[in-house]
1. Against the definition (crowded, with 24+ Cβ neighbours inside 10 Å, at pLDDT below 95 and in a loop (DSSP other than H, G, I, E, B)), how does residue B:114 come out, yes or no?
2. Sort out which residues of the stretch B:34-69 are closer than 24 Å to residue B:228 by Cα and touching a strand residue (DSSP E or B) at 6+ places or on another chain (Cβ under 8 Å), and write them in order of number.
3. Could you check the stretch B:47-67 and list, in sequence order, the residues that are within 13 Å of another protein chain (Cβ to nearest Cβ), part of a helix (DSSP H, G or I) and farther than 23 Å from residue A:28 by Cα?
4. For the condition out of contact with any strand residue (DSSP E or B) (no Cβ under 7 Å at 6 or more places or on another chain), in contact (Cβ under 8 Å) with a residue 24 or more places away in the chain, within 12 Å of chain A (Cβ to nearest Cβ) and closer than 21 Å to residue B:178 by Cα, what is the one hit in B:77, B:124, B:102?
5. Looking only at the stretch B:14-46, how many residues end up being without any contact (Cβ under 8 Å) to a residue 24 or more places away in the chain and within 12 Å of another protein chain (Cβ to nearest Cβ)?
6. So residue B:149 fits all but one of (1) touching a strand residue (DSSP E or B) at 6+ places or on another chain (Cβ under 6 Å); (2) assigned to a loop (DSSP other than H, G, I, E, B); (3) more than 7 Å from chain A (Cβ to nearest Cβ); what number is the exception?
7. Please state which of the following conditions residue B:88 fails to meet, knowing it meets all the rest: (1) more than 9 Å from chain A (Cβ to nearest Cβ); (2) touching a strand residue (DSSP E or B) at 6+ places or on another chain (Cβ under 9 Å); (3) under 26 Å from residue B:31 (Cα atoms); (4) crowded, with 21+ Cβ neighbours inside 10 Å.
8. When residues of the stretch B:152-181 are filtered for being at pLDDT 95 or above and outside any helix (DSSP H, G or I), how many remain?
């Protein structure tokens with residue numbers, strides 16, 4: 001059986017090692033003009 | 001399952017900045033997860049610590065700075081892949097995921113009718129093997145991946161299963177291309193812990209059943225196992241939580257380890 005990238009069963013031990021590598025990568029500049037734009041008030045007619 | 005923070009909403013409490021407080025709310029969730037319920041604050045507290053003006057939401061760097069003031073090191077993971085996201089969760093990290101609600105708007109996982117950039121808390125990845133009908137928005141009997149997500153803009157819904165395909169489309173639409181942007185809290189599973197408070201080490205993750213094995217020693221370092229929600233525990237500020245951590249109390253090899261449960265707020269990550 002084949003899966004799309006990012007799906008499929010997980011291997012916890014491999015994940016631990018991979019997570020360390022991901023978090024050890026050199027920091028990149030955060031995306032500009034994104035999170036600061038959030039404003040749910042513009043769209044709150046539903047509960 | 002790892003310790004799962006109680007839901008937090010950006011409208012709990014309602015403040016003048018609630019509509020813009022998805023990132024502060026998710027940051028508070030990540031702090032709660034990383035401390036196994038030792039520190040629980042509202043979006044308003046995180047916003048105040050960030051120093052950001054009330055006219056806008058928080059930059060990721062501001063959220064990271066606010067979390068640091070609460071004693072938790074959150075990392076910004078920018079431009080990660082689908083497999084990276086899955087690996088971070090499986091390794092025991094909590095994740096705040098930046099998404100584009102234009103993708104979720106016409107699904108049962110929508111944030112009301114909001115269609116802009118948003119941040120949600122991701123607790124875990126799981127693999128649905130198929131056969132039975134799944135609990136995500138696909139409601140299918142076919143095998144696929146899912147994420148357990150709490151949307152701070154729809155707190156009443158609580159944690160919901162989202163299909164991995166929906167999560168990836170929403171996250172990649174935020175970043176553009178195949179890049180995923182996330183806030184990542186330290187892992188809580190299978191890692192060392194340092195005792196900072198004298199507490200009972202018990203046979204079960206609760207005070208109401210099981211028995212006390214012994215008391216912890218302040219300063220001692222323990223190998224850790226799983227974290228989980230259990231019986232009620234009291235925090236230093238007088239409020240109550242329910243996070244517990246499984247630690248090794250004796251033995252030198254996995255075959256000889258003796259384990260016990262201790263309230264999460266008696267430990268810090270070593």
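1. Numbers: crowded, with 24+ Cβ neighbours inside 10 Å: yes; at pLDDT below 95: yes; in a loop (DSSP other than H, G, I, E, B): yes.
The answer is yes for residue B:114.
2. To start, the set of residues in the stretch B:34-69 that are closer than 24 Å to residue B:228 by Cα comprises B:34-43, B:67-68.
Matches in the stretch B:34-69: B:34, B:35, B:36, B:37, B:38, B:40.
3. Result: B:47, single match.
4. Numbers: B:77 fails: out of contact with any strand residue (DSSP E or B) (no Cβ under 7 Å at 6 or more places or on another chain); B:124 fails: out of contact with any strand residue (DSSP E or B) (no Cβ under 7 Å at 6 or more places or on another chain).
Result of the check over B:77, B:124, B:102: B:102.
5. So the answer is 2.
6. Condition not satisfied by residue B:149: (2).
7. (1)
8. Looking only at that region, the number is 5.
The values are calculated or read from the model by the stated rules, or taken from the named source; none is laboratory data. The structure presented is a predicted model; accordingly, all values stated were derived computationally and were not measured. No Cβ is skipped: glycine too gets one built from the backbone with ideal geometry, and neighbour counts run over all protein chains shown.
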